1. How far, in nm, would the chain grow between Glu126 and Lys75 when pulled straight, counting 0.36 nm per residue and subtracting the alpha carbon separation?
2. I'd like the distance separating the alpha-carbon centroids of region 1-22 and region 33-105, in whole Å.
3. Give the peptides 86-99, 129-142 in descending order of average Cβ contacts within 10 Å, highest first.
4. Taking amide hydrogens as modeled 1.01 Å from N in the peptide plane, which residues meet the under 5 Å criterion relative to Arg8, leaving out close sequence neighbours?
5. Please state the charge dipole magnitude for region 47-151, taken about the Cα centre, from unit charges on C-beta atoms (+1 on K and R, -1 on D and E), reported in debye and rounded to the nearest 20.
6. In region 16-59, which residues have a backbone nitrogen under 18 Å from the label point lying 7 Å from Val95's Cα in the Cα-to-Cβ direction?
7. Where the accessible area of region 1-75 is counted over protein heavy atoms with a 1.4 Å probe, how much of it, in %, is carbon and sulfur?
8. Tell me, what is the per residue accessible area of the chain in Å², probe radius 1.4 Å?
Amino acid sequence: IRQLLHGRVVLVTGAGGSIGSELCRQIASYQPARLLLVERAEPQAFQIEQELIGLGYGPMIVPLVADILDADRMKEILAQYTPQVIFHAAAHKHVPMMEHQPGEAIQNNSLGTARLAEMALEFGVERFILVSSDKAINPTSVMGATKRLAEMYVQALNAASPDKTKF
């Protein structure tokens with residue numbers, strides 16, 4: 001893990017969420033050169049930024065308010081900061097809520113992941129790590145199905161990608 005993270009530029013999507021923020025805490029302890037906190041909810045981005053600053057990680061932290069569905073913004077971030085590693089934790093995760101809004105789950109969890117993974121290839125990201133869900137195993141919900149679809153797409157990209165990007 002140290003070889004993957006130490007001295008590298010690491011981007012975490014969904015950085016303000018429960019999973020993303022824990023990833024940020026753990027990643028920061030490995031002393032990346034930069035830790036890019038991508039979060040669409042400004043209050044959550046601010047909260048994890050302030051927590052990491054309080055822990056002494058301020059110089060490496062770059063908070064970025066952005067939605068993974070905004071391709072232009074994500075391309076701008078990838079071009080400006082050239083991350084070497086992406087941890088993709090951004091997702092709609094609440095099963096009952098997504099049952100009532102399946103289009104939002106598909107848009108964010110499946111299509112957003114596909115676009116971000118394609119951008120990772122385009123911008124030469126070395127490692128793309130999709131944070132999925134146990135609900136993607138034999139899915140019985142919309143949320144689980146959208147995460148399974150994201151997994152399948154990323155696996156297909158991995159099989160077809162050049163050696164420089166690993167999924």
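The values are calculated or read from the model by the stated rules, or taken from the named source; none is laboratory data. Values in this document were obtained by computation on a predicted structure and should not be read as measured data. In this analysis, Cβ positions are derived from the backbone assuming ideal geometry, glycine residues included, and neighbour counts consider all displayed protein chains. Side chains are part of the model used for accessible areas, which takes the heavy atoms of the whole protein and leaves out ligands, DNA and RNA. Shrake-Rupley method; radii C 1.70, N 1.55, O 1.52, S 1.80 Å.
1. Extra length available between Glu126 and Lys75 comes to 16.8 nm.
2. If we compute the Cα centre of each part, the gap is 10 Å.
3. Ranking the peptides 86-99, 129-142 by packing returns 86-99, 129-142.
4. Ala33, Arg34
5. 260 debye
6. Only 19 pass the distance filter.
7. 51 percent
8. Computed with neighbouring chains in place, this is 50 Å² per residue.
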